[in-house]
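Where a number appears in this text, it was derived from the coordinates with a stated rule and is not lab data. Keep in mind that what you see is a predicted model, and the values were worked out from it rather than measured. Cβ atoms come from the backbone with ideal geometry, glycine included; neighbour counts cover every protein chain shown.
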2 protein chains.
Amino acid sequence: MSVHLLQTATSVLLKDPTASLGDVARAAGVGRTTLHKRFPTRSALVRAVASDALDLIESVSCHVDFSRDDAIEDLMTRLVALGPRVEFLLRFPGLERDEELAARIREMDRPVLDLITRLQGTKLRRDLPAWWILHTLYAGLFNAWEAISDGRLAPLDAPRFVLTTVFEGVSSAGAADRT
Amino acid sequence: MSVHLLQTATSVLLKDPTASLGDVARAAGVGRTTLHKRFPTRSALVRAVASDALDLIESVSCHVDFSRDDAIEDLMTRLVALGPRVEFLLRFPGLERDEELAARIREMDRPVLDLITRLQGTKLRRDLPAWWILHTLYAGLFNAWEAISDGRLAPLDAPRFVLTTVFEGVSSAGAADRT
DNA sequence: ACCGTTGTGAACATGAGTGTTCACCTGCTG
DNA sequence: CAGCAGGTGAACACTCATGTTCACAACGGT
């Protein structure tokens, strides 16, 4: 019930961040009054959607063994599968102005940043800052989600696309030692 | 005068897509009435800003020799320098619903897509679709712009970051043949 | 000095989103 | 059956962005 409401709100607000609460309620098949009862204000709804996305990420990242060297591959594969629910976090405008959410996001990034920094000793290049690599990973996720929702990319192809692109790049030089 | 107005509108609307016309006018140091006189409606302003960004891109891409093999590097380097004015195009929500703008964007993408397809015969990997490579390039630009506006990345470092990351990836395997 | 242009502030009407209340209905439980 | 929790639509007041009009000031050209 309530979870379906959040899912609907996510997709509606993601497609049009200026959508009215009436639009959200109608899309979810509930009355606007009911929506207001569960989320008193618009910002409360937005916060709930974002918080739900963060919960989703946490529930995924706690299954990842960050001590393994292929932790990034594992994490990315799992994140790709989450799709729009999480895309909301990176895309919804003005979300970063909520200090509580921003803090949770930073806290969520920390283990990944640590992992990247550690792997820069072995498999990751050292001439790029860890934060840049992190953002590159996110950008790859973002690309995949967008392509999937546009129908251009099959969900099952997505992890491979993201990982090969981010790790090996689009130059054919890197592709040689893989084929 | 009018160009400065568009620049201000770009940055204000980029920071907060829901900013009111009053906010834009105040940031530009002009009266709201004046803004209304130049751009009768809000959507007219948005379209003008987007159109300005497209003009900017066209003025850059006409200096690029698309027959050269390093055309992508050239194009990316020039695009990175444009910064927020163009970021608006990729970021402002609902922009793709304007069919005229969408058509101009597609038309703008076409020569780049052709270039990518051609280069997939030589320097670009063939196991990824051209559109994916294009979006990966855009994602790199996006990352750079965001990092620059956050103050984390020096504008002069940006082209190198984007190009090495997109072409060679973040894995240290590709970095070996460069160092 | 006159006049057209351009920008400005003030004021107003309008519409939409929002938050709230209320009366009513439904289904479940004791 | 009574009571209660949860959902619903209707109606309301309120706020705010928006678009419009108008009168006034500044400026440049004639």
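Remarks
- Within the stretch A:20-55, restricting attention to residues that are basic (K, R) and either more than 12 Å from DNA strand D (Cβ to nearest atom) or touching a residue at least 40 places away in the same chain (Cβ under 8 Å) (or both), the residue that is surrounded by the fewest Cβ atoms within 10 Å (Cβ to Cβ) is A:R42.
- Of all residues in the stretch B:1-33, exactly one satisfies the criterion of being away from DNA strand C (no atom under 15 Å from the Cβ), within 19 Å of A:E96 (Cα to Cα) and polar (S, T, N, Q), namely B:S11.
- Residues of the stretch A:47-72 classified as within 14 Å of chain B (Cβ to nearest Cβ) and either within 15 Å of A:F142 (Cβ to Cβ) or not in a helix (DSSP H, G or I) (or both), total: 2
- Residues of the stretch A:90-108 that are closer than 14 Å to A:Y138 by Cβ and of a type in the set (D, E, K, R): A:R91, A:E96, A:R106.
- Yes/no for A:S43 being away from DNA strand C (no atom under 16 Å from the Cβ), part of a helix (DSSP H, G or I) and of a type in the set (S, T, N, Q): no
- From the list B:L75, B:L89, B:L115, B:L153, the lone residue that is free of Cβ contacts under 8 Å to residues at least 60 places away in the same chain, part of a loop (DSSP other than H, G, I, E, B) and surrounded by 16 or more Cβ atoms within 10 Å (Cβ to Cβ) is B:L153.
- The requirement of being over 19 Å from the mean Cα position of the chain (by Cα) and within 14 Å of chain B (Cβ to nearest Cβ) is satisfied by A:T18.
- The residues listed here are A:L124, A:L141, A:L134; of these, the one that is in contact (Cβ under 8 Å) with a residue 60 or more places away in the chain and within 12 Å of chain B (Cβ to nearest Cβ) is A:L141.
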